[in-house]
1. Considering the alpha-carbon set of the stretch A:1-122 alone, what are its Rg and its Dmax in angstrom?
2. 7 Å along Cα→Cβ for the label point: how many nanometres lie between A:PRO57 and each equivalent label in the other copies, listed shortest first?
3. Size of the dipole of the stretch A:38-102 about the Cα centre, Lys and Arg at +1 and Asp and Glu at -1 on the beta carbon, nothing else charged, in debye to 20?
4. Once you average over the residues of B:220-233, how many Cβ atoms of partner chains fall within 10 Å of each Cβ?
5. Averaged over its residues, how many other protein chain Cβ atoms are within 10 Å of peptide A:122-131's Cβ atoms?
6. If you take every DSSP beta bridge fully contained in chain B, what fraction is antiparallel? Give it as a percent rounded to 5.
7. Just for the stretch B:23-144, what percent of DSSP beta bridges are antiparallel, to the closest 5?
8. Taking B:ARG272 in one copy and the same position in all the others, each labelled 7 Å out along Cα→Cβ, what are the pairwise distances from the first, in nm, shortest first?
There are 2 protein chains.
Amino acid sequence: MISSESYTIVFDWGSSNLRASLLNSSREILEKQESPFGIRFVPEKNFESILLELLDPWISQLPSGQLSLVALGMITSRNGWVEVPYVQCPASVEDLAKGMLTQPLRNQLNLHFIPGIIDTSSQPFSDVIRGEETQIIGLGVDKDQIIVLPGTHSKWVRTLQNRIHRFQTFVTGEIYDVIQKHSFIASLQTEGTPSDQAFERGAKDALADYPQAEALLSALFNARKGVLSAQIATDDVAEYTSGLLIGHEFRQAAQCGWFTEGESIIIVGNNRLCARYQQVAQWAGLQVELGRLDAAEQGAMTLLEAKGK
Amino acid sequence: MISSESYTIVFDWGSSNLRASLLNSSREILEKQESPFGIRFVPEKNFESILLELLDPWISQLPSGQLSLVALGMITSRNGWVEVPYVQCPASVEDLAKGMLTQPLRNQLNLHFIPGIIDTSSQPFSDVIRGEETQIIGLGVDKDQIIVLPGTHSKWVRTLQNRIHRFQTFVTGEIYDVIQKHSFIASLQTEGTPSDQAFERGAKDALADYPQAEALLSALFNARKGVLSAQIATDDVAEYTSGLLIGHEFRQAAQCGWFTEGESIIIVGNNRLCARYQQVAQWAGLQVELGRLDAAEQGAMTLLEAKGK
């Protein structure tokens, strides 16, 4: 297809870090780099200098005629380098490719920005993502699937009829973080090794079918009630609460129509949080597949090719 | 009924403060005092000295033969003065009176401790309260009622057949506090005057009937989505979120079987938070009565009399 080897650098530049991958024309990742220079740490929007310095070891060794750069993530937002308008859901590969913006760099290389997407069907206000759309494209939109991307703000995404159909954000990770640092949960928790069962117990209490399980604002008090009644060890408070919150995310996702028992979902990521989501998904009666870890790189390649057509 | 005038000092000694009232035998409150010496600030459990010093202006002027002292709240817990075992729900006036403990003070006065109550029907763990049971007795258990006590940890309480039947804790106030101080909500919020509609909008979004309204962990992202889509002013973020959380407490309480539309509830308290609960209750389709503000004092008198019988 391509006569001489060409290369692509794909980078996800988010608020708190920058992750770059170098791929060949067979879409194999040759090298990776990560920098803590998230966009909020970049002074005076001096993005180009920081990027070129970081990528110099790659760029200086590669033939410039055969190198493309593709950016995704918060770098395309108002606080980023170039604000790229959102593409509306349902969004196909072609829709996203059409929404890409290209900007020449001072070294003559072209940098292509991938747009985020907006779901105007989200109630009461539109929801938006920047970066995850590329991962979804990399996983493939040719099948109708439910994809979960765990994180501080986790995303549930539906693909349907070759499009990213809709998505929903859950701020579970951030709520866990602030309550285990700043609430009565922090006062209860002690420093010992938590038991292996604490997380599971929390998740299963969230998924239980008695009426009180419905009420997260009440269930968050479980840890304290459990400690008072000697049912939860103080070493287990944070783990229990983590299970409870992720369990509630699944409970609430089901109530929002994301899945019914027995269905399959794809979970993307390989960190500890993803392993937790995988466990809870199974307890919620779901079949779980793990998404490929290079979804962002593959999605960027797909979009770059579609744009070139 | 009583030949010469007698007096009672009722005090609610909680974790963060002490509130004392002096009543005559007609149950009229003659004077009130408040001290910031909550039980967690009392060194070496030196409760008696602090109490007698605070109450000295009253005690020294009253005939000791006609003075009783009644304590309620966290002072009866393990970290308090005397740990009084919980009385089990459903609990009548007589059950609570029987559970009271009496201790003579060094000045020969008797101090009566009112027990807290435990609801072992609460799932997955028993729930407990110390202090609110006395307010409920003061409001009266002769009618079947739903009583809401707003606070950092609000309580929903059901009276039935002359008993405190069951209750449930919602940690809504604390969750609001930590997220508006420490989460993305804090970053979004600006210092200007919020609009009058922001709180109402949040509450009504919580009570809405589209499926996404079900999911609190997702709805907490509304403020950010609303700001991004220019539907919420950054000055309104905290007010919107306060409405959203209290609205969710009502939504979740309804799901736990606490009420159906058109029913009546009693809200106890006269602070800003209670006014907010009153508004949300009305938006949730409830009839609202306000409970008497001296419910704790009246309840303590009722229990003291029942104990004397």
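1. Taking only Cα atoms of the stretch A:1-122, I get Rg and Dmax of 14.8, 46 Å.
2. A:PRO57 label point versus its equivalents elsewhere: 7.4 nm.
3. Values: 4 positive and 7 negative charges, 32 e Å.
Dipole size: approximately 160 debye.
4. Details: counts 7, 9, 7, 1, 6, 10, 3, 1, 8, 8, 1, 3, 2, 0.
Per residue, the average neighbour count from other chains is 5.
5. Values: counts 7, 9, 16, 13, 5, 8, 4, 0, 0, 0.
Mean partner-chain Cβ count within 10 Å for A:122-131: 6.
6. Working: 33 of 50 bridges.
About 65 percent, rounded to the nearest 5.
7. Details: 8 of 13 bridges.
Around 60 percent antiparallel, to the nearest 5.
8. B:ARG272 label point versus its equivalents elsewhere: 3.9 nm.
Here, each number is a calculation from the coordinates, and none is a lab measurement. Small disclaimer: the values here were computed from a predicted structure and weren't measured. In this analysis, Cβ positions are derived from the backbone assuming ideal geometry, glycine residues included, and neighbour counts consider all displayed protein chains.
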